[in-house]
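Values quoted throughout were computed directly from the atomic coordinates according to the rules given, and no laboratory measurement underlies them. Since the structure is predicted, the reported quantities are computational estimates derived from the model, not experimental observations. Please note: Cβ atoms are built from the backbone with ideal geometry, for glycine as well, and neighbour counts cover all protein chains shown.
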């Protein structure tokens with residue numbers, strides 16, 4: 001589904017990703033872990049198509065298409081979703097209206113029908129069962145005045161409504177207390193499906209107590225330096241990232 | 001996926017949708033301004049002698065005045081002798097059925113809800129085409145409750161005493177350069193009278209259109225709400241595309257007696273000129289409301305997207321005790337448009353309140369100035385004002401400026417002023433796009449959110465229109 005090969009990315013003149021490769025199949029849950037500054041968020045942004053991220057080498061294929069040639073909104077319509085580490089506030093724009101516009105733009109781009117407000121409301125009610133979100137957040141402006149936890153839950157709620165094929169969660173666990181973390185994880189787990197893949201970017205192992213990954217990758221200095229199953233995350237938690245770095249020379253390229 | 005300047009430039013050259021010319025024979029006075037021209041104009045309109053004299057007095061006063069220079073506007077000197085002060089479609093219609101079908105087509109193109117459509121929409125429309133009022137719908141229904149809604153020309157002929165009593169009582173003939181000019185040469189406009197205790201049963205609406213070349217439009221509107229009356233009035237404006245600058249100098253006077261409430265909304269979409277700043281309407285307007293009675297209220301709401309230059313400050317004189325003045329404004333400037341707009345709130349009575357919400361949007365090389373005066377007179381005990389003034393910048397070549405003037409002569413007054421300037425951030429754009437919303441739609445959505453507080457004040461169907469207008473006006477504005 002997603003095939004990243006030898007990806008090099010420069011941001012503001014600095015090379016951040018230095019030959020990253022990663023393959024994700026439908027239905028899989030991948031965790032990308034790594035120390036601060038390793039390039040984790042850059043990976044999320046470059047996949048979603050953020051302007052200012054210059055790909056100097058390598059390829060990214062999504063469902064057989066060249067993802068790097070597509071505009072951010074085209075990627076969204078193709079089924080790529082990025083849950084932001086810092087969700088953006090849009091004053092005065094109603095949260096529900098925003099989401100309906102987004103969904104309809106995607107449906108239209110895929111050649112489908114747009115939903116009218118009644119149909120959309122019905123969908124929202126269904127999805128609210130999956131993700132606990134107080135209804136008044138739906139009627140407030142997008143992320144405006146939301147608490148950190150509310151913003152993150154709102155991201156997952158958007159994901160539930162937009163039903164992407166590939167969801168990238170950029171440090172969705174950061175800044176969450178344990179209850180909010182659990183709610184977010186429950187929301188993500190409820191959305192796991194055979195035709196949907198996840199790339200969960202996180203600094204800490206604790207999210208993976210609730211979301212069990214099929215594969216865990218360690219990202220350090222712009223490339224994946226180690227991959228393994230869920231057990232790798234446990235080892236990281238026990239030994240810290242320094243442990244990977246020490247092992248790295250012996251097992252580089254593994 | 002950096003920005004693509006080529007595409008943006010291409011989108012910038014979008015066309016002005018209301019920019020067509022209707023081919024109708026018109027009866028125009030030759031260009032030029034002097035006492036004879038004013039007499040000829042007055043005669044053409046079959047006005048009583050007092051009206052002719054009133055005009056001439058205004059003209060003589062105007063001769064002694066100079067155009068104002070304090071606004072932050074760049075404009076070429078206006079040659080007042082090159083303008084024709086009267087242009088009317090030939091064959092004046094007696095009823096809607098006799099209105100030239102081409103004229104009705106024009107209004108249809110503009111989306112004006114005329115004729116039966118008007119009644120369905122619950123809107124009574126007075127349409128002013130160049131200088132004369134051509135159709136006025138739903139009049140009978142209004143007459144049943146004693147509401148007068150007609151063209152100013154007709155009001156001068158049929159309701160002379162009322163007009164004479166109130167005309168110039170809010171904006172005196174010599175108030176300012178453009179008001180004096182208007183008083184001398186105003187050609188038509190709307191007259192509204194809501195008698196004591198009557199709540200006007202429908203929205204009243206006027207559409208203004210400048211069609212003929214080398215003409216100016218000088219309409220005059222007078223709205224009187226007697227004790228306890230209520231009226232909501234909306235005006236819309238368009239003009240064809242022309243290379244020359246055309247002058248529009250209107251005067252609007254509102255009078256609210258005790259407990260009366262007047263809500264006045266404007267959607268102004270005069271031709272703004274092209275992307276190089278050629279052509280466009282010079283919009284110099286004096287609008288003022290007088291809260292003459294206790295507990296009266298006047299609300300101005302304006303959405304200004306058109307005109308090469310907008311110079312306008314809808315104001316409230318809060319004379320009655322506990323009277324309330326409100327001003328909600330969205331002003332958008334794109335390409336080379338300039339706007340110097342705001343309001344004046346003059347607190348005279350006790351316990352008077354005013355609220356100002358101004359949203360300025362600048363794109364392209366647009367320049368947008370908010371200029372507002374809050375004045376609290378010595379006798380205005382416990383006056384309150386809250387002003388909120390936000391500017392949104394799109395692109396790197398535009399400007400936003402704020403000129404608040406505050407004069408307080410009573411120590412019990414509370415006057416608050418808040419101002420912000422922001423840009424549509426890259427983060428906001430990327431957030432919208434990552435959810436599947438294209439660039440243009442993202443910009444209009446963010447702008448719409450920015451204007452929400454003002455759009456809420458507009459009657460429902462016009463809020464939709466205003467939103468669309470902003471979308472069209474902003475096409476290709478990102479960069």
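Each 5 Å bin from zero up to the one holding the largest Cα-Cα distance in the range A:1-122 carries the following percent of pairs: 2, 9, 17, 20, 19, 13, 11, 6, 3, 0. The protection proxy used here, the mean number of other Cβ atoms lying within 10 Å of each residue, ranks peptides B:55-68, B:290-303, B:425-438 as follows, highest first: B:290-303, B:425-438, B:55-68.
Counting Cβ atoms of other protein chains within 10 Å of each residue's Cβ and taking the mean over peptide A:43-56 gives 3.
Over all directions, the projected convex hull of the C-alpha atoms in the range B:152-204 averages 4.6 nm² in area. Applying Stokes-Einstein at 25 °C and 0.890 mPa s to the Kirkwood radius of the range B:400-479, computed over alpha-carbon pairs, gives a translational diffusion coefficient of 160 µm² s⁻¹. For the pair residue B:49 and residue B:472, the difference between a 0.36 nm per residue extended length and the Cα-Cα distance amounts to 147.6 nm.
Legend: mean number of C-beta atoms from other chains within 10 angstrom of residue C-beta atoms, peptide A:85-91, equals 5.
In chain A, the longest principal axis of the Cα atoms and the axis of helix A:95-109 are about 70 degrees apart. By DSSP, what percent of the beta bridges with both residues in the protein assembly as shown are antiparallel, rounded to the nearest 5? Taking every DSSP beta bridge with both residues in the protein assembly as shown, the antiparallel ones total about 20 percent.
The simple spin-label model puts a point 7 Å past each Cα toward its Cβ; for residue A:129 and residue B:165 those points are separated by 6.6 nm. Suppose R0 equals 41 Å. What FRET efficiency, 1/(1 + (r/R0)^6) with r the Cβ-Cβ distance, do residue B:72 and residue A:109 give to the nearest 0.05? My answer for the efficiency is 0.40. Its residue count N sets the reference 2.2 N^0.38 Å, and the alpha-carbon radius of gyration of the protein assembly as shown equals 1.14 times that reference.
Legend: P(r) of the range A:2-246 from all alpha carbon pair distances, 10 Å bins from 0, whole percents, reading 7, 31, 37, 20, 4, 0.
Using the alpha-carbon atoms, what tilt in degrees (0 to 90, nearest 10) does helix A:148-162 show relative to the longest principal axis of chain A? Its long axis makes an angle of about 80 degrees. Estimated at 0.36 nm per residue, the fully extended path between residue A:147 and residue A:227 surpasses their Cα-Cα distance by 25.4 nm. For the pair the range A:141-203 and the range B:134-208, the centres of their Cα atoms are 59 angstrom apart.
Take the Cα of residue A:247, step 7 Å toward its Cβ, do the same at residue B:427, and the gap between the two points is 3.6 nm.
Considering only A:40, A:151, A:129, the mean-square fluctuation computed in a Gaussian network model of chain A, springs between alpha carbons under 10 angstrom, is largest for A:129.
When all alpha-carbon pairs of the range B:323-455 are counted, what percent fall beyond 24 Å? Summing the P(r) tail past 24 Å for the range B:323-455 gives 38 percent.
Give me the angle, in degrees from 0 to 90, between the Cα long axis of helix A:117-130 and the longest principal axis of the Cα atoms of chain A, rounded to the nearest 10. That works out to roughly 50 degrees. Could you work out how far apart the two model spin labels at residue A:15 and residue A:118 are, taking each label as a point 7 Å from the Cα in the direction of the beta carbon, and quote it in nm? According to this spin-label approximation, the distance is 5.9 nm. Normalised by the number of residues in the range B:297-395, the mean separation of alpha-carbon contacts (under 8 Å, six or more apart) gives a relative contact order of 28 percent. The mean sequence separation of alpha-carbon pairs under 8 Å and at least six residues apart, normalised by the residue count of the range A:2-246, gives a relative contact order of 29 percent. If R0 is 41 Å, the Cβ-Cβ spacing of residue A:63 and residue A:238 corresponds to a FRET efficiency of close to 0.65.
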